[in-house]
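So the structure is just underneath, and the comments pick up after that.
Computed from the coordinates by the stated procedures, all read-outs in this text should not be read as laboratory data. All values derive from a computational prediction rather than experimental measurement. Glycine gets a Cβ as well: all are built from the backbone with ideal geometry, and neighbour counts include every protein chain shown.
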Amino acid sequence: MKPSINQLSAVILLTGAVILSGCSEPPPEKAALELVQKWVRGKYDSTAQAEADLANNLPPEKMHRAMHQLFEPVKVPGIDGYIVYQQSSMDGSENPAMIFRHGLIRYIPDPANHALRQRELYFKDGERYKNAHRDPDILADITLDDMSWDEGCDFYLTPSEDGTMVSGPIIEGACVLFNQGLQQNMYADDRVEITANEYRFRGRYVDGDGKTMWGTDSGELNRLVRR
């Protein structure tokens, strides 16, 4: 028996609805990566936030430090994922003597967790890779064997519904740093929020009881603003 015109129309409408629903939105890990690729680049600082804390006479444990940060997308053939070079300096310059932290950020889509992982990689031979964004060839032969990292310190990023922010935490209790002076573990209490012009993070370490051991006790995230 041939299907009627009404039956055929119903099948066509249903098929079209399935196709449209499957193509309407990218998965969250892909959407987050697209936004990160547009937003995470340039020079940032938190000077305005630090100056506001001073002007408001906040107690020391609530204050945010003035920070200077660089993010620069780079090509590293030996490491898969989307790669960004990062470095922090004391004064915002590229003077090697002022650079105290640098490495790579690796963004890895994680469909199983419906998130984009942000993983920080650090050079085992760090000194020679300062200002690596100025000499891209120096990264041509880099592989994961040249880097160190802690998978427990990955951030799990997802986009907001309105597409104005990518954000996410680390897994509670998974990122651990041993404090040599106190001879005890510190646990990262951290979260990242990325927008078109800001990179915000908590950056706090606590003890087993949740007491802050490093970083600000403020409920406001450190706010790096792109200049």
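Listing for the model above:
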item: Two-site FRET efficiency, ASP207 against GLU151, from Cβ-Cβ distance with R₀ of 25 Å, rounded to 0.05; result: 0.65
item: 0 to 90° range, to nearest 10: angle between helix 28-39 axis and the chain longest Cα axis; result: 50 degrees
item: Spatial extent of the chain: Rg and Dmax, with the Cα atoms as the point set, Å; result: 22.0, 84
item: In order through segment 133-147: 3J(HN,Hα) via Karplus (6.51 cos²θ - 1.76 cosθ + 1.60), integer Hz, x for Gly, Pro; result: 5, 8, 9, x, 4, 5, 9, 4, 9, 5, 10, 5, 5, 8, 10
